[in-house]
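Below: one structure, written as structure tokens.
No value in this document is a laboratory result; all are computed from the given coordinates. Predicted model only: the values in this text are computed from it and were never measured. All Cβ positions, glycine included, derive from the backbone under ideal geometry; neighbour counts span all protein chains shown.
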Amino acid sequence: MTVGDLMQEARRRAFRSLVLFLGIAAYAVALIYAGVHNYALLTRGVPPELIIFALLGLFGLEISAVALPLAVHFWTAPGLHRIAALAFYAVDALLLFGNSILDFHLNAGLDLPAWMDLYLRYIAPATPLVVGAMWAALFILDPANRLRDVEMEMATAARLALAARIAEAARAAEVNEIVEAAARQMAMELAARAVGRPVRLPPAPRPALNGAGPAPEPDGQEAGPKRP
């Protein structure tokens, strides 16, 4: 790369930075202008002590106008998620546009067309709610939610498979022997308590490792409990 190429690249970067700065400044000016009209519109019909809450709706519209383009570039995934973000950005811009025109007509005392009167009655007061619904839809469409759902489905399937294996293993002869021995001991204890007589319980059979049956007692050792 020659010195001339380096100088040309430097000029290109400088002009690019200038264009970006001017574009961001113009976008900020547009949002400020729309914010003035939205403030005047959204605070109409609101008691003075509740104006601070009406301003939250204004902030929702203005913040979305900044956050949605950033979401398109840095958050949304290709496909339905990004298409929804672009559509919601267009809706937010239309709401800012409509509120500005409506407020201008109201301040100038101009007659409202039929469609603008409907907008004033049924849409303008609910524009912050529309913005909230759009963000809720974006969070629901986030691919991370689908990944979490797949992980939960896999975990549930693994638990069901484990439960089936446990139920199948419970029917084995070794398990039945342990259950029968425990039941026999519990029955003898209950009978002893009922008649008020102590009872000496035989030891529970130990299943053999190969599954053939109870392991025999060691030589020279009685089946019953040891006596002191």
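Rounded to the nearest 20, the size of the Cβ-charge dipole of the range 1-65 about its Cα centre is 220 debye, with Lys and Arg at +1 and Asp and Glu at -1. Taking the Cα centre of the chain as reference, the dipole from Cβ charges on Lys and Arg (+1) and Asp and Glu (-1) amounts to some 560 debye. Between the listed residues ALA181, GLY4, HIS81, the Cα displaced farthest toward the positive end of the dipole of the chain, a dipole computed from Cβ unit charges relative to the Cα centre, is found at ALA181. Just so you know, the Cα atoms of the chain work out to an Rg and Dmax of 38.3, 112 Å. Global size of the range 9-140: 17.2, 57 Å for Rg and Dmax (C-alpha atoms, Rg to one decimal, Dmax whole). The calculated FRET efficiency for PHE15 paired with ASN107, based on their beta-carbon distance and R0 = 35 Å, is about 0.30.
When each of the peptides 131-140, 55-64 is scored by the mean number of other C-beta atoms lying within 10 Å of its residues, the order from highest to lowest reads 55-64, 131-140. Mind giving me the FRET efficiency for VAL195 and ALA161? R0 is 41 Å, r the Cβ-Cβ distance, nearest 0.05 is fine. That pair, VAL195 with ALA161, gives E of 0.30.
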